[in-house]
Amino acid sequence: MKILKVPISSVIPWDKNPRGIRVEDFERLKKQIQRLGVYKPLVCFPAGKKYVVLGGNMRIRALQELGVKDVEISIVTPKSEAEKIEFALSDNDRAGYYEEEQLAELILPHLKELELADFRIDVGHQVDLKGILEKFGPDLNPSEKEFDETLETRNECPKCGYKW
């Protein structure tokens, strides 16, 4: 595998990409890129004079909208259509998850520095960080905590009853 920096105009989304993104999640992704930069190259294969994105199709869209001129890409050479699918699936695979209590302990000391609404995490179910803090943090008395007013309504997974 080789990592290259190329003009964004030479990178195109994979026309078979089955992933979508909600408007609010796309806006959150753009905010993250603006604040943190791009630290993960797009996974691409060469196709003539272009590079096709197998991993990072949402990021390439966000980068284009943000006016980024050059991007880093990781070049892969899939031997078949099935292998292209494997690269795409692998890039988006959610093999791990956060341990909720440890995550809450990690975040709590930094509440004033973090924009919790800008992140979604995986604890077996996608939830937002405010729900984790509500579950494992100290009692959040509205008169004592400024951010409490922004806590979203709790939701519940219809399949397993998990609440966030």
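The values are calculated or read from the model by the stated rules, or taken from the named source; none is laboratory data. Given the structure is predicted, the values throughout are model-derived calculations rather than measurements. Ideal geometry is used to build each Cβ from the backbone, glycine not excepted, and the neighbour counts take in all protein chains shown.
All told, Tyr98 falls short of being hydroxyl-bearing (Ser, Thr, Tyr), under 20 Å from Lys2 (Cα atoms) and at pLDDT below 95. Taken together, Ser10, Ser74 contain a single residue that is at pLDDT 95 or above, touching a Lys or Arg at 6+ places or on another chain (Cβ under 6 Å) and farther than 26 Å from Leu114 by Cβ, which is Ser10.
Condition check ((1) more than 13 Å from Ile8 (Cβ to Cβ); (2) aliphatic (A, V, I, L, M); (3) in contact (Cβ under 8 Å) with a residue 24 or more places away in the chain) across all residues:
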{"residue": "Gln34", "(1), (2), (3)": "yes, no, yes"}
{"residue": "Lys40", "(1), (2), (3)": "yes, no, no"}
{"residue": "Cys44", "(1), (2), (3)": "no, no, yes"}
{"residue": "Ala62", "(1), (2), (3)": "no, yes, yes"}
{"residue": "Val68", "(1), (2), (3)": "no, yes, yes"}
{"residue": "Val76", "(1), (2), (3)": "yes, yes, yes"}
{"residue": "Glu86", "(1), (2), (3)": "yes, no, no"}
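Results for (1) in contact with a His (Cβ under 7 Å, 6 or more places away or on another chain); (2) in a strand (DSSP E or B); (3) in the same structural domain as Asp118 (by TED's automatic domain parsing); (4) farther than 20 Å from Ile121 by Cα, shown as yes or no for each residue.
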position: Ile12; (1), (2), (3), (4): no, yes, no, yes
position: Gly20; (1), (2), (3), (4): no, no, no, no
position: Glu24; (1), (2), (3), (4): no, no, no, no
position: Arg28; (1), (2), (3), (4): no, no, no, no
position: Val43; (1), (2), (3), (4): no, yes, no, yes
position: Ile60; (1), (2), (3), (4): no, no, no, yes
position: Thr77; (1), (2), (3), (4): no, no, no, yes
position: Lys84; (1), (2), (3), (4): no, no, no, yes
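Across region 26-43, the qualifying residues are those that are hydrophobic (A, V, I, L, M, F, W, C) and crowded, with 16+ Cβ neighbours inside 10 Å, and the one among them that is farthest from Glu86 (Cα to Cα) is Ile33. Going by the structure shown, is Val23 surrounded by 10 or more Cβ atoms within 10 Å (Cβ to Cβ) and either farther than 12 Å from Arg59 by Cα or not polar (S, T, N, Q) (or both)? Criteria not met by Val23.
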